[in-house]
Amino acid sequence: MQADLEPRVGESPAPVRHRAPVVSNRRVAADTWWLELESPEIARRVAWGQFVMIGFGLEHLAPPFLPRPFSVGWRSPDGRIGLLVRRFGAGSAALAALRPGERALLLGPLGRPFRLEAARRVVCVAGGVGLAPFLILAGEARRQGLAVELLYGELSAERVFDPVLIEQLTDAPPQIWTEDGTLGRHGRVTDGLDASGPVTVLGCGPTAMLRALAGRAAREGFELQVSVEEHMGCGVGTCQGCVVRSADGRWLKACTEGPVFDASDLSWSPG
């Protein structure tokens, strides 16, 4: 199953909302799980960089009440999707505890995807669970003949998502960076970026990492698209809890006007 290199944003039908059965849920790194759910309609329609809201609804009459946003990291021809879940609080802990046969409430696909229609060479820069959208993108884009590099950074080896599984999903090994040097190359993942020549750089990860990439893009003149990580309560633009500031001072909703933006369209001033 493959996505178009140029997703037709704005032509998608309304998102699907359904209770999806859990196919598998396995621990793949420290406090990190790979969750697969059966969701044929979302799997068929999702574009690279889009996300789902996942929660429990009224069947779960205890915290957490609000769903959480997760980038779709993979899809299979038989209708499964994969989500990369890192345990931070009560919501992600509940998702990490899901077992095969249990169900979670999904809404998606949501948001604006990455745009690669004019790309000749693509470099994906992932920090932490910002890896997720690049698992689906790198694998499908390579199978469509696009040259893709995947740079992936974590704090330490124990937090690195299973490299063997990454290679299985993306058809090539990633370039791994750890800040303490315990796996792969020593340093920050942005240290590995070679933006020379015609290149489209895609970034997803902590704001500090995206800010560093945006600074380089402004200085060096390469194209940069970023997927921002913001707290979301609804995913459809109603609660307005996920806004980011644009370069001209406006507030943009990450859930509907993003999560993917041209880096030059956003303000990167701290605070």
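Along segment 251-259 the Karplus relation, 6.51 cos²θ - 1.76 cosθ + 1.60 evaluated at θ = phi - 60°, assigns HN-Hα couplings of 9, 10, 7, 5, 6, 10, 8, x, x Hz to successive residues, with x for each Gly and Pro. Entry note, the chain: the mean residue ellipticity at 222 nm calculated from DSSP H runs of n ≥ 4, each adding -39500 (n - 2.57), is -5000 deg cm²/dmol after division by the residues and rounding to the nearest 500.
Short-range pairs are left out: with C-alpha atoms under 8 Å and at least six residues apart, the relative contact order of segment 121-265 is 20 percent.
In this structure, the amide hydrogen of Arg68, modeled 1.01 Å from its nitrogen in the peptide plane, lies closer than 5 angstrom to those of Ile54, Gly55, counting only residues at least 5 positions away or on a different chain. Over segment 16-110, the reciprocal of the mean inverse Cα-Cα separation, the Kirkwood hydrodynamic radius, stands at 13.0 Å.
Report the residues of segment 110-150 in range of a label on Thr256: point 7 Å along Cα→C-beta, backbone N strictly under 17 Å from it. Taking a point 7 Å out along Cα→Cβ of Thr256, the residues of segment 110-150 whose backbone N falls under 17 Å are 110-113.
Do you know the relative contact order of the chain, to the nearest whole percent, from alpha carbon pairs under 8 angstrom that are 6+ apart? Over the chain, the number comes to 18 percent. For the chain, the percent of C-alpha pairs falling in each 5 Å distance bin, counted from 0 to the bin holding the largest distance, reads 1, 6, 13, 18, 20, 18, 13, 7, 2, 0, 0.
Projected onto their three principal axes, the Cα atoms of segment 121-265 cover extents of 40, 34, 33 Å, largest first.
Readers should treat all values here as calculations from the given coordinates under stated rules, not as data from a laboratory. These numbers come from a predicted model, not from an experiment. Note that each Cβ is placed from the backbone with ideal geometry, even for glycine, and that neighbours are counted across all protein chains shown.
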